[in-house]
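Before any comments, here is the structure.
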Amino acid sequence: MFAAILVAMPSPRSPLSRLFTVLLAGVLAGLVLAVAALPGNLIGGLVTKSVLGAYAQLPDALRTPAQPQRSYLYANDGKTLITTFYDVNRTDVPLAEIAPVMRQAIVAAEDRRFYQHGGADLRGMVRALVANVKGGGTEQGGSTLTMQYVRNVLKTDPTRTAEERQAATEQTVGRKIQEIRYASALEKTLSKDEILNRYLNIAYFGSGAYGVAAASQRYFGKAPADLTLGEAALLAGLVQSPDEYSPIDGNKDKALQRRAYVLDSMVATHAISAQQAAAAKAEPLTLHPTAQPNGCTAVSQGHDDWGFFCDYLRQWWLTQPAFGNTVKEREQALRRGGYTVITTLDPKIQATAQQRATAVYGYDNKRALPIAAVEPGTGRVLAMAVNRHYSLADNPAGQANHPNTVNPLISGGASVDGYQAGSTFKLFTMLAALEAGKPLATGFDAPAKLPTRYGSDAEGNCDGKWCPANANPQWMDGYRMMWDGFGRSVNTYFVWLAEQVGEDKVVEMAQRLGITFRAESDAAFARDNAANWGAFTLGVAATTPLDLANAYATVASEGTYCSPLPVVSVTAANGEKVDVGQPSCRKVLDTDIARAATDAARCPVGQQSAYGQCNGGTATSVDGIVGRPVAGKTGSSEQNATETFVGFTPQVAVAGIAANPDDSTDLVGSAVQAKVIDAVARVIRTAVNGKPVKDFTAPSQELAGDPQRPRPQPSPQPQQRQQQDQGIPQDLLRWLQGRGRG
């Protein structure tokens, strides 16, 4: 500030020197105003040509400021705050939402003649200098609110270079003249109230709070509309020296002294009475410091499980061109753009999912139960839970990712490839078969072990061939169709069915429904040798609960795949909606095919198909828990390394996978399967609670086939398989036979 240059002079030691300083200030201030009033063509001898060029036109930043603001993330109710993102803790609010006493206080503290001057105030400069000389310090500033606003905008404008921002605060006569010219031009462009509003939204109040909205929350935990006289006076007193006067980070006594000064100034401007000022001065300093959360590791207290969803949203955000052309620009937009984001996270469903996940495994357990819930027909992600704290806090020695981690255990990515989901992948074989024209009644006399065309030298091979076995031969073997083959999870039936359709068609179906191969070995097999991936139907490829839930949601929505979506709406700081909240969906399955697969998926959960062909299931407890039409599938990987269940209604799809995220050789065991089923089923029940009961639509008779006239189809002979086996790398065959129990 110009006055600050004068204040920086050594403190006067005599009345004569004080008088001289005052006179000097008047002469210099008058000179500044005189120069500011001159036409542009007469100033050339006073300032350099570069200065003239800089203020010849009012910068766009002063017309439409591009100031950084905090972005807010809310749950799907639009009220529950998840967290905020910011580089600068700041949020704009309209003047109507700022208490009148706050407006009066800032004018009294910083610019008493704000409503009289035209941008620069000679009388105010002189008054400030006299007060400062008498007090031997800096009681008052010489810059008007408009001039301060100009300086704040230019020094924080993200569109300007670092050098240009630094130049906005240089203590030079040229810069000061430029500032006065800009302030004068701005006063002709904006109303006083608009300038005051902009100033209150950009001023720094200390303790990391920019703008009155952030300051009122930071110091008093309330909105600026609710500030009392004493609170407003305290905040107004901070802007002159925020770090020194901040009662949180600085000096409480100085903060109270400044509060008293502001209250006296408000009396002088007739904003309040002397009695009101005295009462406010007598009030004790009562603070309610509130630190604004910043980022996914700072989610609401007691809800650090929300961090996994928050991180998924952030990763999604960084892929959206609507927020910038590069990842860096999109990250900056999230932290500086002042967006209001209504997410898809449902607090009730999330709470149930988290409760159920931690009931199966505690936070300190090395094993985990990640659970994801998705809305069919929209792809909206309703919940993402796991028995971990989303935190950067250290873990006890020897515990890599528990109880604290920020790895995407539910959605995958980074270092997380996912987990084998066992027989849940049989859905993709069934869909491929239905699409190939094979009806649900397609029958096969499923043996206990099925010799395949893949060579194997592992223990339990069948004459040198990989031969998958049924987990419970007495219950699974025999003539099966898709209904009871799916319901009883008959491995040999589905390996046979995949061979009839073509394994590459099964792999393609899984990818069509959103299964992503994050493990390089899986991606390579899918890319280079999908036709020979015989064990794929048994769920040997790694996946995640989110991918799996969304794949089954595609069937629940009768063949419409929707990309997973974490937002309902995004509103920019200017109130405009950003076009990113709409579901991105496409038809990937014929409606009747999806209905047929759903009809068979009624069997595992203890319900009956439309054609009465269910005769046993692996998750029959689900029917009693959900209490309405539901479908789903269990999955156990080789040696019960993982246990999975995915269930769905027309309104929600939920998947959970019990696994050790850090050690795939740690077998969770079959005993946990019932707990996984129960956990997922209860999340479904919460999700549909209060919603109308919707039934599944039965498939056509054509796709059902004729289950009354079974036509057993024997397994291809080993001789035929031997011929088909040529050209398959033996290392891939050994890998195949060693993965997947189904």
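The values are calculated or read from the model by the stated rules, or taken from the named source; none is laboratory data. Quantities reported herein were computed from a predicted structural model and do not represent experimental measurements. A quick note on method: Cβ atoms are made from the backbone with ideal geometry, for glycine too, and the neighbour counts reach across all protein chains shown. We work out accessible area using only protein heavy atoms, side chains counted, and drop any ligands, DNA or RNA first. Shrake-Rupley method; radii C 1.70, N 1.55, O 1.52, S 1.80 Å.
Summary of values
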{"item": "Of all residues making up the stretch 423-451, the number that are polar (S, T, N, Q) and either farther than 12 Å from F494 by Cα or free of Cβ contacts under 8 Å to residues at least 60 places away in the same chain (or both)", "result": "0"}
{"item": "Selection count where residues are of a type in the set (S, T, N, Q), farther than 13 Å from H389 by Cβ and in a loop (DSSP other than H, G, I, E, B), scope the stretch 301-337", "result": "4"}
{"item": "Check on D394, open to solvent by 10 Å² or more (accessible area, probe 1.4 Å) and either in contact with a strand residue (DSSP E or B) (Cβ under 6 Å, 6 or more places away or on another chain) or assigned to a strand (DSSP E or B) (or both)", "result": "no"}
{"item": "Among the candidates I272, I248, residue that is aliphatic (A, V, I, L, M), over 15 Å from M102 (Cα atoms), open to solvent by less than 60 Å² (accessible area, probe 1.4 Å) and outside any helix (DSSP H, G or I)", "result": "I248"}
{"item": "Which numbered condition D504 misses (of (1) free of Cβ contacts under 8 Å to residues at least 60 places away in the same chain; (2) of a type in the set (D, E, K, R); (3) not in a helix (DSSP H, G or I))", "result": "(3)"}
{"item": "Search result, residues across the stretch 576-617 that are closer than 23 Å to D706 by Cβ and among the β-branched types (V, I, T)", "result": "T591, I593, T598"}
{"item": "Total residues in the stretch 203-230, condition open to solvent by 30 Å² or more (accessible area, probe 1.4 Å) and assigned to a helix (DSSP H, G or I)", "result": "5"}
{"item": "Of all residues making up the stretch 397-410, the number that are in contact with a strand residue (DSSP E or B) (Cβ under 7 Å, 6 or more places away or on another chain), of a type in the set (S, T, N, Q) and surrounded by 19 or more Cβ atoms within 10 Å (Cβ to Cβ)", "result": "1"}
{"item": "Selection from the stretch 342-382 of residues that are closer than 30 Å to G669 by Cβ and in a helix (DSSP H, G or I)", "result": "I349, Q350, A351, T352, A353, Q354, Q355, R356, A357, T358, A359, V360"}
{"item": "Single residue of the stretch 575-622 satisfying the filter (within 16 Å of C562 (Cβ to Cβ) and either in a loop (DSSP other than H, G, I, E, B) or in contact with a helix residue (DSSP H, G or I) (Cβ under 7 Å, 6 or more places away or on another chain) (or both)) that is modelled with the lowest pLDDT", "result": "G581"}
{"item": "The listed residue being within 26 Å of the chain's Cα centre (by Cα) and small (G, A, S), out of G616, G627, G656", "result": "G656"}
{"item": "Test for R356: is it more than 19 Å from R70 (Cβ to Cβ) and either open to solvent by 40 Å² or more (accessible area, probe 1.4 Å) or at pLDDT 95 or above (or both)", "result": "yes"}
{"item": "Qualifying residue in the stretch 81-103 (condition: among the hydrophobic types (A, V, I, L, M, F, W, C) and open to solvent by 60 Å² or more (accessible area, probe 1.4 Å))", "result": "yes"}
{"item": "Only listed residue being open to solvent by less than 10 Å² (accessible area, probe 1.4 Å) and either without any contact (Cβ under 8 Å) to a residue 24 or more places away in the chain or under 30 Å from the mean Cα position of the chain (by Cα) (or both), chosen from G575, G581", "result": "G581"}
{"item": "Tally of residues being of a type in the set (F, W, Y), over 42 Å from the mean Cα position of the chain (by Cα) and not in a loop (DSSP other than H, G, I, E, B) across the stretch 419-478", "result": "2"}
{"item": "Residue count, the stretch 497-541 (criterion: touching a strand residue (DSSP E or B) at 6+ places or on another chain (Cβ under 8 Å) and either open to solvent by 10 Å² or more (accessible area, probe 1.4 Å) or not small (G, A, S) (or both))", "result": "11"}
